[in-house]
Structures are given as C-alpha cells and as structure tokens.
1. Would you call residue A:122 in a strand (DSSP E or B) and in contact (Cβ under 8 Å) with a residue 12 or more places away in the chain?
2. Tell me which of these residue A:238 doesn't satisfy, since it passes every other one: (1) at the interface with chain B (Cβ under 8 Å from one of its Cβ atoms); (2) crowded, with 18+ Cβ neighbours inside 10 Å.
3. Considering segment A:169-198 alone, what residues qualify as being within 15 Å of residue A:57 (Cα to Cα) and either in the same structural domain as residue A:272 (by TED's automatic domain parsing) or surrounded by fewer than 24 Cβ atoms within 10 Å (Cβ to Cβ) (or both)?
4. Would you confirm, using the coordinates I've provided, whether residue B:290 is farther than 16 Å from residue B:14 by Cα, surrounded by 22 or more Cβ atoms within 10 Å (Cβ to Cβ) and within 19 Å of the chain's Cα centre (by Cα)?
5. Could you say whether any residue in segment A:54-70 is buried (at least 21 other Cβ atoms within 10 Å of the Cβ), more than 30 Å from residue B:335 (Cβ to Cβ) and at the interface with chain B (Cβ under 7 Å from one of its Cβ atoms)?
6. Assess whether residue B:205 counts as being at the interface with chain A (Cβ under 10 Å from one of its Cβ atoms), closer than 15 Å to residue B:79 by Cα and surrounded by fewer than 23 Cβ atoms within 10 Å (Cβ to Cβ).
7. Could you list, in sequence order, the residues of segment B:178-202 that are touching a strand residue (DSSP E or B) at 6+ places or on another chain (Cβ under 8 Å) and within 11 Å of chain A (Cβ to nearest Cβ)?
8. Would you point out the residue of segment A:216-226, among those that are farther than 22 Å from residue A:202 by Cβ and buried (at least 24 other Cβ atoms within 10 Å of the Cβ), that is nearest to the other protein chains (Cβ to nearest Cβ)?
C-alpha cells in the first residue's frame, strides 16, 4: 500500500498508525462485533471514548480546570455564528472587535455583523494579509463583549507569535490550524475553537474550549445546538453527535501522547518549518509570501520567481508522492501544510525536490 | 471477526459489505496514497463522491427535478432550528403547525417556538404516543407557513402510513428513520430532512430535500451554515463538510442499488417487521406498544407481560449476538430497530430467541 506525503491544508493527513488502528477495528470495535461508527452515542463504549478524549486533551494541553471542552457540530465556520450568539450578549452594548488577518477572519467578522456592532480593530488587508497587523488592545471600548482573532492563517501562511493581552475583555481565537501544535497559555483566552481537520482528526466537528463563566449568555434566538451551555450540560450529547470524529480525535491524542506531547511536537513542527523556510530563503528561485516575523509553522506559503513554472512544479511534485501542494485559489502559488501528522521525512523530501527542481529550471 | 446483529436505534448498523469496502480503502483511496477522510473537500476525488451521491439518491428515490439535495451540518436535530429559520418567513404571520407524535416531534416544536407562532395541530400525547393522531389539514389557518410532522417515531414505534394532504401549505417531514426505507411521493412534501445514522450512513450529518421555490426566505439572523440557500449555492461546500459521512452515504446508496432499490428494500423491511410483529401477536408473553394500524416497520417496540424479566431478556439476547435491544430510556421495554441494513436473518434470529425465551420463562 502506497502512502503519499499529503501537504493538503485540510481535511489533512492523519498519522498512519492512527489510520491503521481505525482500519483494524473498523468492523469489530475491540471485540464488540460492531464498528464504533455503528453504535449508540449513549453506549458505554462511546462513553469511554469521549471521557478518554477529554482526559487526554486536558493532559496534553494543560487546560485549566475552569475551562470546558465541547464537541460541537458544523466545524469551525459554524462557530463564526455561534461565538457572537453566545458571547456578544456579555455586555448590553452588543459590541465585538475583530482583527482581520485573512480570509477566514473576514468571513467570521461578516457573519458576526448579523448579531451586533462589529468593529475591525486592526487589519493587514492592505498588504494582502502578509503579516499580523499591529493591534493595541487599549484602543478597545471597555464595553466590548469580546475580541476575535485567527491564530494561524492557512491561506496566507501567517500566525500570531504573541497573543494580545485584552485584559478583562475575553479574547476569542479561531485556532483551527494550530490547536495542540504549539504550547498555549489558555488563561489568555476566553474561548478557543478549532475544526478537527488539521491537527485533531477528520472534518465535520469542532472543539470549543470556553471559560465556564462565559457560558449561559446566549441570545434568545440561538439554536439549541449552537448554544454552548447546552453542550456543556449534556457533555456534548444533547443529540447524536459525530461519534466517529470524536473517536478519531481520541486516537490522534493517543498518538500525540506517544510522540511525547505538545512540547515535543512543537519543537518538531518548528524544525519542519525551518527546513522549508531555509530552502526558500537560501534561493532566489522561491519567494516566501509572509513577512518573516509572522511566518506560520503550519502552512508554508511561497511562490516561484517564475510563476509560469508553478503548474510544472506541482505536477512533478505530485508524481514524486508530494501531494496537494497547490496554494489556495485566492492566492495561487505553493502551500505546504505541515501539521502535526506530517513527518520530518515529508519536509525533507519536499526540500530535496525543491532543490532539484530549481537546479533543473533555475 | 465476529459481527453481531445490531438492533440499535442509531447510530445504527451499516451493511457489512459497505463497512468492508470502507475499511479496505481507508488508508489508500483507490490508489491515491491517502484516505478519502484525509483529503480536501475541494479535491477532484471528493467532487466525484458527492456528485455520485447526488445521482444515486435521485435514481433510487425518484426525487423530482425541482427538489434540491443538501448535505447539512448538525444532524436532524439542528434542522429543528433551521426549518423555522428558513421557512417560517414564507408568510408574514410567521405561523407554523406541528403534529406531536413523540419525543422528537415535541423537541422540534419547542425549538421552533423561538422563531414564530407555533400551534400543536394534533397530538397523541394523551395515549403516550401509541398512535398517529387524527389530523385534519382543513383546520389550519391559510397563512400557516408550514406543517411539521415526524414520519416515523423511533421511541414509540409508530409511523405515518398515509401522509396528510396539506394543499398549498408546505408539509415538512423529519424522515430520519425512514428515508429510502420506503417509497415516497416527494411531491407531497415541501421539505424533508433526515439524519444519516439510521438508513443512510454514519452520524454527524443530515440530508435535506427541499423544493426550490422554498429557498431564499431565511430570517435575517439565520447563521450562514443553517441557511439552506447557502448550501444550495455552494453544493453543500460553503465550508469543509463532513466528507467521510458523505462518502459512507455514497457506499450505502451503491449497496441499496445492488439490493434492487427502494421497492425491494421496502418489501424486505415489511417482511422483517411482520416476522417480529407476528411473534408478538401470537403470544401473550409479549405486548406490542403501538396501535397496530400505526406500527413502524423500522422500530418494533414491545414489552414483556412480566416486565421484571426484561433485563434477563436483554442480557441473554446480547449473549446470543442480538445487540442493543433495550428500549429508549423514556419508555423502557424492548426495541428492535430494523433499518435497511438489518438482514432478514437478524429478525429470524430474534424471533427464534423470543420463542425460546418465552418457552423457558412463560
């Protein structure tokens, strides 16, 4: 069986050992005679899965006790609606501030506008989102309900290296492409959400981490299944949840623990990113698209100095088992998404290909 | 490898051949070198999957051309919010009527009350939902935006044998436990929704069938990912969808086609249900809980005349590979969920066990 190095931005590659384990017990979950995907979300077997997922997440992340873990429908983008519905009512002014660092930050801001008074607190749109803009939390009105940021921008290849200190105003972060890829001080955040399909599991579910005191303020027309307090009360089982995604997340967390946890994976991720950035920086043939200070370690975006060679680059890479390197349709070029599951060998193979391609076409 | 007969109400058993196919290509989807679960929702491979799912669904169901097929987040219960948000604005009075035939009908009605003026058009609550209540559509106000029914009631084991003719008022049906298990005249409905996890695939996604002219009337605060018009415009790919669930649905539809389609499966389902109902009706040891005229062919619910034997019944059944026969916690007793994937042999094995158990304990 062939396995490529899959550089897709998401749904992304999962660790091969996780995929093998899921395959091996797909039809007969640990002697039950049925697959985990085929049994009740209220069975004792699934209860054990969700409890173990909670416990592993807490152990790996160091999430403080006053934060809840919720498994919510609809992926990260559904939270673009749920976050304002749950949090904008924290303050009667119904104000929130958004920092625009890319496409998803912008979609989130536009969606929030249905629910209150939204301001753009800072934006890097004028430089095509090649950086994280300067943002001074002191500029916020004191009655702002929350501040929204996007931790890592998959399309533009940037990330927040330092998170802003918003004081008493809750900081909400879309950490879809970073959660558990780097150490975080969770106390800096009021809420974090992340679709699973980058570092945590398959598509179709998101995880929400929320400080307990922020629950229970949902707007009156909030659908029950967008109300975080409903998930909290029901242990995310108000209705039939995406049991298979939670199970896969559990396997991914077990794998991450085997790797040595977040400290080890973060160092590995930095090493992987450096391999590719060094190849870009040591050549005039490749041009990085993000400002160096704000470079993502999850999504390395670059262009060829001769952009007319991009299609050849992608097609030759694909033939060598370097899959899904095409940049997002909004920006073009090349994007190497190198989430936790991408082995160092994948990045080394990409760098070797880049050097060879340059030699033949430079 | 052992496979039990899984009578669980959902997430429910999937056909073994479907499970085997998904397992065999789990790590390497048709030579790609990556699993389908690991690749982009915008890849050509996934495009082919969703297109094939659409085509097979239309072929098997005979869905008229003026109905759209949407793959929506959150399962059926999220539609309890989405249906009023999308449809109650069809008429300025913002009225809708609900027929209460069980627990899920009642949850749907309560959720809808956030969004408009909801009336209970008929209810069988006074007889503990043992039947489908009489319902006269002529009693509806002409400015009612829609009428909501639950096609099959999994907890109480009843179903609508004939659907009401609501004339110009769109009939909306939660068909979670029946879609593609029986022939339907789709023209009778304005919209149908169904969670996948009974007859269509795994949990974590719902399918919505909606008449085109009912799109585009969402209330202004409807989240983008609950707005059916957004799904329609984006071919259900406004954001990263639950690709694995759609893929599994595709495999289930291929299997259903191999079985001979809906006509064949409906006849088989009726035969399966009759085997168990005959065992109930020919004995004083077992007591069916639904009125005969309204019996479900998907969920056969019954009690033991000596209810103190229920636990022994369940535990002995489980030892014989008859899994998850426990009735819902609201009603207790026994429930055999016998969706499309349950083979006739499973029902025969259950009947044999019932007769043996009666002989030993009668």
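The values are calculated or read from the model by the stated rules, or taken from the named source; none is laboratory data. Predicted, not measured: the structure shown is a model, and the values here were computed from it. No Cβ is skipped: glycine too gets one built from the backbone with ideal geometry, and neighbour counts run over all protein chains shown.
1. yes
2. Residue A:238 satisfies all of (1) at the interface with chain B (Cβ under 8 Å from one of its Cβ atoms); (2) crowded, with 18+ Cβ neighbours inside 10 Å except (2).
3. Result: A:182, A:183, A:184, A:185, A:186.
4. yes
5. Scanning segment A:54-70, I find no residue that is buried (at least 21 other Cβ atoms within 10 Å of the Cβ), more than 30 Å from residue B:335 (Cβ to Cβ) and at the interface with chain B (Cβ under 7 Å from one of its Cβ atoms), so the answer is no.
6. Considered against the rule, which asks whether it is at the interface with chain A (Cβ under 10 Å from one of its Cβ atoms), closer than 15 Å to residue B:79 by Cα and surrounded by fewer than 23 Cβ atoms within 10 Å (Cβ to Cβ), residue B:205 comes out as no.
7. Across segment B:178-202, the qualifying residues are B:195, B:196, B:198.
8. A:223
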